[in-house]
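Shown next, in structure tokens, is the structure this report addresses.
The values are calculated or read from the model by the stated rules, or taken from the named source; none is laboratory data. These figures come from a predicted structure and were not determined experimentally. Reconstructed Cβ throughout: ideal geometry from the backbone, glycine too, with neighbour counts over all protein chains shown.
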Amino acid sequence: MIKRSFFTLTQPKLKYDLIEPDPKEPESIPVPSSLILLLNEPIDSTRQSLIKKGTCVKKGEKICLYDGSTEYTISPVAGTISSIDTYSDDFGNISTYIIIKSNQSQTTDMSALAYDLKEDIASADEYLRPLPGAPPLAMLASEDSKINTIVITCADSDLLSTTRQYIAVKYLDKIKEGALILKRLSNAAKICAIVPQGLKIQADFDSMQVVNTANEYPSNLPAMVLKDHFNTILPAGKTPSDVGYCFISAEAVVSLANAYKNKTAGFEKVLTIIGKQGNKYRVKATIGTPLRKIFNQFSIHINDQDRIVIGGPMTGFATFTPHHPVRPDMDVVIVQDRDHIPELSDNPCVNCGKCIQACPAGIPVNMLVRYLEVDQYEEAADKYDLESCIECGLCAYVCTARIPLYQYIRLGKHEILKLRADI
């Protein structure tokens, strides 16, 4: 439940939702006739593609665009590719979407292709990146990887979601199995789990170290977990992997356990849906399912100018279409009615200081935004700690002037990376 602080000189008190004592099973969404897969590689008209419209694919088959491509996806169904086109994300990054028309007669009966999985991280990375939960296998398999500690996250990172908690409660034995697999696959010396206070499962983790995070946002964000529980301050511009930590969701760990047991991939993603009236639904849908199929199941009607937010209310991003597919890393989707969308503005900063008081990293956000608004990204990084931001979104939440501070900061970080890549 979200509550704004009454006193302006205190931080906002935002509480994570705790899963219900006896969690309901997710409602299964039927496999649609067409699925949409996103591939993180742009179309190159100068190269000969391995796939085209009309290409038949098997359930569990790896799909790559070109010979030598390191990016791939996996078809959740047997069917035929009906379309391949360009996809642009919220930052303008170009990738590819692939629409697969499923063979309905084989959707439920046909088993997925078996993989030659070996007990090493390279083999897992070769076949299992697109599993539900999106395990960070590419990071673990990198030659430059220096991961010492793997942190299994049973705590949801944003508000309103209970997806990771549900997985932890329902599949604890699978999490323990997956943790042992990760231990064998990786070179990590330590594997531990973070569990929110109030979730009564920590005693069941056997010998694995369990860290209890506070119920107040943003305690579950990786940077805060490192600071509060591992005595590690994330340096500006660095990621947890740069300091030896890999965060992996409970669902990804369960998916790995199932994949190694069955020698094939799984495709059903658990996610939390928040309707326009705040109604919460737990669903299980095949990766690639258009969101509109889920909305239709619960009679959530999408009107012009309604907003669909992928992710939680603090760190999520809006998509422009209800055809956006379910993705492996998608934990929560929020639908906001057009008449109740929080107001944003292009008003100037009024120097109320709320953003500074709310910022866990102590960034002078009121000064930072002045540089971001005029595209002075290097100056924002050098003078006002742009890269120290942990991207919690609290500054935008408390902003008196309704400036989209979080979006400015995310864009600023993105532009900094582009500028440095061009040097």
Worksheet entry | Selection count, the range 128-179, where residues are over 30 Å from residue 15 (Cα atoms) and modelled with pLDDT of 95 or more | 11
Worksheet item: Hey, among the residues in the range 397-423 that are without any contact (Cβ under 8 Å) to a residue 12 or more places away in the chain and under 21 Å from the mean Cα position of the chain (by Cα), which one's farthest from residue 349 (Cα to Cα)?
Response: 417
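Kindly evaluate residue 331 against the criterion of being outside the structural domain of residue 304 (by TED's automatic domain parsing) and acidic (Asp, Glu).
Details: outside the structural domain of residue 304 (by TED's automatic domain parsing): no; acidic (Asp, Glu): yes.
The answer is no for residue 331.
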Discussion item. For the range 328-385, which positions are buried (at least 21 other Cβ atoms within 10 Å of the Cβ) and of a type in the set (S, T, N, Q)?
Written reply: 366
Discussion item. Against the conditions (1) over 19 Å from residue 160 (Cα atoms); (2) outside any loop (DSSP other than H, G, I, E, B), where does residue 283 fall short? Just the number, please.
Written reply: (1)
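In the range 255-275, what residues are basic (Lys, Arg) and surrounded by fewer than 18 Cβ atoms within 10 Å (Cβ to Cβ)?
Applying the first criterion (basic (Lys, Arg)) to the range 255-275 yields 261, 263, 269.
Hits for the range 255-275 are 261, 263.
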Practice prompt. Select the helices (runs of 4 or more DSSP H) contained entirely in the range 118-218, then report the ones holding at least 3 residues which are surrounded by 20 or more Cβ atoms within 10 Å (Cβ to Cβ) and touching a residue at least 24 places away in the same chain (Cβ under 8 Å).
Written response: 121-127, 163-170, 172-185
